[in-house]
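The structure under discussion appears below in the form of structure tokens.
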Amino acid sequence: MDNPTRPDDWEWPRHELIRWEIGLTAPATRAFPLVDGLPVGGPSVVIMAGPCSVESESQIMATARAVKAAGAAVLRGGAFKPRTSPHSFQGLGKAGLALLRQAGEAVGLPVVTEVMAHTDVDLVARHAQILQIGARSMQNYPLLHAVGETKSPVILKRGFAATVEEWLGAVEHIRARGNERIILCERGIRAVETATRFTLDINAVPLMHRLCDLPIIVDPSHATGRADLVPEVSRAAIAAGADGLLVEVHPQPALALSDGQQSLAIDQFADLVPSLRRVANAIGRNIP
């Protein structure tokens, strides 16, 4: 049998139209600007880096300056933190948002941070250029609808027990409200292996490029849960076609209030970026 081809009138974004047959021609990734002058989904691989949580003004400022100098194009940081235990650090909330925005403006980087509730979308969007939907919120439909009604780029993390079809269904909830500026984020799924925090589904990177027209980035920090594995997994993600990385970096990982074990120190991140550039260049891409 001949390989199937997509009919001329085939349309995206309806995820019900996904074609699973082997040999289907992949759609072109639709690049769009995160902010003016910073596209995602094109030839450039976008590096987003910063601490898991905003802890203090000195911590976020030191990290912002360092990741900017090393080559990051976006500053990441958490103000509202969904933690497994209610006794763990939950983030600084509104104060953390203000510090993150201040740090981004000081070094000239756009910022991305997680929004956890639909009632907080307007608040977070006033401080961050890019909104993140965390893995635990992938099927929080009121939240998906709320970010869908904004004009902000949205990073949609895959739930750690979600199938690809469920992930794409979440995409549709955002798109149905009018927001097409969606970036997928593969951050590891829960599998039988326990040596790492999660298992990175590297298959998802080329697969999603074949199933839809959205950019996809990888979070090697959560996927591994181990800082010593982040460099290799980051390089593998770029080699597989990831349009960006979301990397946790902290000035003193051993003292971090959250996820210190998976955070790179500043010098480790600075050492990593040149190797990422070499991988990107080897496959015809670049890191700005």
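Since every read-out is calculated from the coordinates, none of them should be taken as a lab result. Computed from a predicted model, the values in this text were never measured in an experiment. Reconstructed Cβ throughout: ideal geometry from the backbone, glycine too, with neighbour counts over all protein chains shown.
Before moving on, here are some points about what is shown:
- Only beta bridges with both residues in the chain are counted; by DSSP, about 15 percent of them are antiparallel.
- Evaluated with a Cβ-only charge set (Lys, Arg +1; Asp, Glu -1), the chain carries a dipole of roughly 460 debye about its Cα centre, given to the nearest 20.
- Ordering of 241-247, 90-96 by burial proxy (mean other Cβ atoms within 10 Å per residue, highest first): 241-247, 90-96
- Loop-located GluC sites (Glu not before Pro) in region 177-241 whose Cβ has at most 12 other Cβ within 10 Å (DSSP): GLU193
- For region 148-169 versus region 220-236, the gap between their alpha-carbon centres in whole angstrom: 22
- Helix 164-175 vs. the chain, principal-axis angle (Cα, 0 to 90°, nearest 10): 80
- Degrees, to the nearest 10: 94-107 long Cα axis against longest axis of the chain: 90
- Options THR196, VAL111, GLY148, ranked by Cα towards positive dipole end of the chain, top entry (Cβ charges): VAL111
- Translational diffusion coefficient (Stokes-Einstein; Kirkwood radius from C-alpha pairs) of the chain at 20 °C, 1.002 mPa s, in µm²/s: 113
- Sum of -39500 (n - 2.57) over DSSP H runs of 4+, divided by residues of the chain (222 nm, nearest 500): -9500 deg cm²/dmol
- Only the Cβ atoms of Lys and Arg (+1) and of Asp and Glu (-1) were treated as charged; on that basis the dipole of region 137-252 about its Cα centre amounts to roughly 160 debye.
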